[in-house]
Amino acid sequence: MTDQLTSMAAHAPSDDVIAKAHVDAAKYDSMYAASIADPDGFWREQAQRVDWIKPFTQVRDVDFTLGNVHINWFADGTLNVAANCIDRHLATRGDQTAIIWEPDDPKDEALHITYRQLHSNVCRMANVLKSLGVGRGDRVVIYLPMIPEAAYAMLACARIGAIHSVVFAGFSPDALGARVNGCDAKVVITADGAPRGGRVTNLKDNVNKALLNDFDDVTCLVVRRTGQQVAWRGDLDVWYHEAAETVSDDCPPEEMNAEDPLFILYTSGSTGQPKGVVHTSGGYLVYAAMTQQITFDYHDGDIFWCSADVGWVTGHSYIVYGPLANGATTLMFEGVPTYPDASRFWQVCEKHKVNQFYTAPTAIRALMGQGNSFVEGSDLSSLRLLGTVGEPINPEAWNWYNEVVGKGKCPIVDTWWQTETGGHMMTPLPGAHATKPGAAQKPFFGVKPLVLDPASGAVVEGNGVEGVLVIADSWPGQMRTVWGDHARFEKTYFADYKGYYFSGDGCRRDADGDYWITGRVDDVINVSGHRMGTAEVESALVAHEKVAEAAVVGFPHDIKGQGIYCYVTLMNGQEPSDELRTELRNWVRSEIGPIASPDVIQWAPGLPKTRSGKIMRRILRKIAENDFGALGDTSTLADPSVVDDLIENRAKA
Ligand code: 6R9
């Protein structure tokens, strides 16, 4: 029934979209079949989108067997990632804009950085790093705002063979220190301050707090952004603009092996200690470039905007490496969607004539809650495609994005992937698939998803089924190890379901064979023996016109095993009341069924989220359990004060 309904609601691509697309339905089918039948041949060909210094002879050497897990792609080839993202474009597009930079304050001037300028800026940064003693294999932590220097720094590391680890500029000194320590960094690149939403974070102060005590041998390279006063750590601190004047703007790229690490990225820490996810050079670049071009149907001359922060994998693959490898114009935005007001995203789209726009459901829901007038004042006629990433998108938000932002003419790609996967793993392709609101839908080329029974680990065949999502074979963008802890890599991803990469997500394959991500499997609750995705209940709640956002967790229940505990944020202007509580409870019963009836509804003016916008259910579960002593680390929250409010109101709930 549900499957029939969702099939009926599918949005087929228009003839215009299909005619222009790199991949239409027939091509998807034949290419996908070829990628599975002959992965070596398929990837040998796809790898030609990258310039190799020494061509590889072996495509892959992969084993997912516990105790012997290793993943190598194009292993005897050599290349330089920065040269692929810059130098090879100079002859044909040296004067084309590589990066459009839009500052936090719309009154400040945007920058248009050409490929030629990018080359000289990256070379300078590379030479400064070299002058500080950084070489092949050394680690560099990048703790910068969303300014062009963040991209220069990443590419400068790639150019000289150093390994970068970008730490989101919203992270606390403690979180930064742990990451500097975790990868044993030689240099930290930061800025004096980071303007965001009209407020300034004192980044250099944070670095001082993180470095002063424990790491008195780490050099700090400081980019001047705000011009504010900063405290100096003597000779250990270096102004970037001063050092840059003393070096040449030419730096030859190092010849790197395909399997040399390109970067380490610590995962957001919503569960346990952060892991240093390691990506290498050749396979990652091939995969980032291919997915950027195909998923977003990027064509020469398009303006591509991914609104993520470079502190997350989305920013790595779809602000920097993928677009630049393709010679694209990529937009980098320093600000937030709601500053100066909730029209900012759309104003930026209009100003820079953005063609493809890629953002997160949490931003879409927040903007939807502000009302349509903020969108309607902007000219969005340049938009051809919309994308989402980061969490399952509820159909209400999807429909709003489609109708109000995309005016019904922009295909929406709901891209499922992870820090670990390097690039998109499942997504509809704009010219090939009729999209269904909320479905990640189809595997990307070379990706072999399987649905497993969570208890037995048996492969669940056929359609209209549900289980845990594993990937049966490797793809070039796959992470290679956990930095410094290969055993943890094997244990986390290859131990639960032998022979497969375990994603940690649940999924449903509908009657048409399309995939729907149902959320992390640790978010599954069991109510009276019924297995239920918390995302399902959330989706029902946010479908109510008075609800802006909802988070649902399980809590111990004497009779049912687990009960359903809902945190609900109301739309602007809605007042909480007992009547509304009853109304929502009945609403969910009618949307999903009596088994999904919420046991507790707590009004939540804000939800605890990581800086990347993921709701921290661990904390919500503890509050629901009345277990306030064990909340764990809340320092990585975007706004730790929401937790106090939730605890206070828990007592009254
Ligand atoms: C790229 C990124 C990965 C987790 C992943 C899943 C969730 C991401 C999603 C999605 C449903 C989508 N997720 N995209 N769930 N639909 N389109 O977000 O990486 O920060 O490592 O998060 O995010 O649960 O396992 P990362």
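The values are calculated or read from the model by the stated rules, or taken from the named source; none is laboratory data. No experiment lies behind these values; they were computed from the predicted model shown. Neighbour counts are summed over all protein chains in view; Cβ atoms, including those assigned to glycine, are modelled from backbone coordinates with ideal geometry.
What the table shows:
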item: Conditions (1) within 14 Å of the ligand (Cβ to nearest atom); (2) of a type outside the set (A, V, I, L, M, F, W, C); (3) more than 23 Å from residue 263 (Cβ to Cβ); (4) not in a strand (DSSP E or B); number of the one not met by residue 414; result: (4)
item: So residue 207, is it in a helix (DSSP H, G or I), under 25 Å from the mean Cα position of the chain (by Cα) and surrounded by 24 or more Cβ atoms within 10 Å (Cβ to Cβ); result: yes
item: Test: residue 338 is away from the ligand (no atom under 16 Å from the Cβ) and either farther than 30 Å from residue 89 by Cα or not in a loop (DSSP other than H, G, I, E, B) (or both); result: yes
item: Residue within region 577-592 that is in a strand (DSSP E or B) and in contact with a strand residue (DSSP E or B) (Cβ under 8 Å, 6 or more places away or on another chain) present; result: no
item: Residue in region 379-398 that is surrounded by the most Cβ atoms within 10 Å (Cβ to Cβ), counting only those that are over 17 Å from residue 14 (Cα atoms) and more than 16 Å from the ligand (Cβ to nearest atom); result: 380
item: Selection count, region 503-543, where residues are in contact with a helix residue (DSSP H, G or I) (Cβ under 8 Å, 6 or more places away or on another chain), modelled with pLDDT of 95 or more and either away from the ligand (no atom under 16 Å from the Cβ) or assigned to a helix (DSSP H, G or I) (or both); result: 2
item: Matching residues, region 615-653, being within 16 Å of the ligand (Cβ to nearest atom), of a type outside the set (A, V, I, L, M) and in contact with a helix residue (DSSP H, G or I) (Cβ under 8 Å, 6 or more places away or on another chain); result: 617, 636
item: Residue 572, sole failed condition from (1) buried (at least 18 other Cβ atoms within 10 Å of the Cβ); (2) under 24 Å from residue 393 (Cα atoms); result: (1)
item: Cβ pairs under 8 Å, 6+ apart, first in region 425-450 and on the phi > 0 side of the Ramachandran plot and in a strand (DSSP E or B), second among the polar types (S, T, N, Q) and more than 11 Å from the ligand (Cβ to nearest atom); result: 441/435
item: Selection from region 237-252 of residues that are out of contact with any strand residue (DSSP E or B) (no Cβ under 6 Å at 6 or more places or on another chain) and hydroxyl-bearing (Ser, Thr, Tyr); result: 246, 248
item: Counted residues, region 29-69 - those being touching a residue at least 12 places away in the same chain (Cβ under 8 Å) and closer than 26 Å to residue 502 by Cβ; result: 17
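One line per residue, one yes/no per condition, for (1) at pLDDT below 95; (2) aromatic (Phe, Trp, Tyr):
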{"residue": "326", "(1), (2)": "no, no"}
{"residue": "332", "(1), (2)": "no, no"}
{"residue": "357", "(1), (2)": "no, yes"}
{"residue": "369", "(1), (2)": "yes, no"}
{"residue": "373", "(1), (2)": "no, no"}
